[in-house]
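I have placed the structure first, in the form of structure tokens, so that the comments after it can refer back to it.
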Amino acid sequence: MGLEKCQKSLNDYLDSKRNAFPRFFFISDDELLSILGRSDPSCVQEHMIKMYDNIAKLQFQQGPNGETVVTAMISAEGEVMEFRKHVPAEGRVEDWMTAVLEEMRSTNRLITKEAIFFYGADGKNRVQWMLGYQGMICLAGNKVWWTWEVEDVFRKVKKAEKTAMKEYAKRLHGQIGD
């Protein structure tokens, strides 16, 4: 009877942590207990790939006041997404991990807007532009610009520029070759 009560209390505790940070649902009870049972924020590193699709680890540094802060996320391929704002890794793990998730979204949104804005700017070709951003950012930016460019080609065709589609296809083939 006592063991069952203890097990139920433990399950309730773990469920409360998972409800506070739903990505904990992707890891086992033992893995969650190993995170919760340690005060070192870097203990989440070995479980990051399970909680996030293709995020291998977080980058930790000492903050200006000696506190540990999260400064970036690093993919399995080694792509680094530097956070615009550093996230203090203090207090309850589910709270600062939620803050990391929010900063990841915020930074991702800003970087994507920046990439779309700078597409083709400063005389850079598409390949040079792509090398400045993470893969997923490039995919999103490419989709936005491809849509705009195709709509522009349709406008040109409507204005009787009969070779507009062929010229655009030639340009795209050249970019693929690059």
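Laid out as a table, the results:
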item	result
For the chain: relative contact order, % (alpha-carbon pairs under 8 angstrom, 6 or more apart)	11
Length gained when the stretch ILE49-CYS6 is fully extended (0.36 nm per residue, less Cα-Cα span)	12.4 nm
For segment 129-156 and segment 5-24, distance of Cα centres in Å	44
Given charges at beta-carbon only (K, R positive; D, E negative), |dipole| of the chain in Debye	1120
Accessible-area value, VAL80, 1.4 Å probe, nucleic acids and ligands omitted, Å²	60
Solvent-accessible area per residue for segment 1-102 (1.4 angstrom probe, square angstrom)	59
Selected from PHE154, PHE26, PHE60 as most flexible by GNM, with the chain as the system and alpha-carbon contacts under 10 Å	PHE154
With all protein chains modelled, accessible area of GLU77 [1.4 Å, Å²]	130
Positive-end extreme of charge dipole, segment 28-171 - chosen from GLY63, GLY78, THR112 (charges on Cβ)	THR112
Taking N as its residue count, the alpha carbon Rg of segment 39-178 over 2.2 N^0.38 Å	1.40
Options ILE27, SER16, ASN125, ranked by Cα towards positive dipole end of segment 1-158, top entry (Cβ charges)	ASN125
With DNA, RNA and ligands ignored, accessible area of HIS86 (1.4 Å probe; Å², nearest 10)	100
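The values are calculated or read from the model by the stated rules, or taken from the named source; none is laboratory data. From a predicted model like this one, the values you see are computed outputs, not experimental measurements. Because the Cβ atoms are built from the backbone with ideal geometry, glycine has one as well, and the counts that use them run over all protein chains shown. We work out accessible area using only protein heavy atoms, side chains counted, and drop any ligands, DNA or RNA first. Shrake-Rupley method; radii C 1.70, N 1.55, O 1.52, S 1.80 Å.
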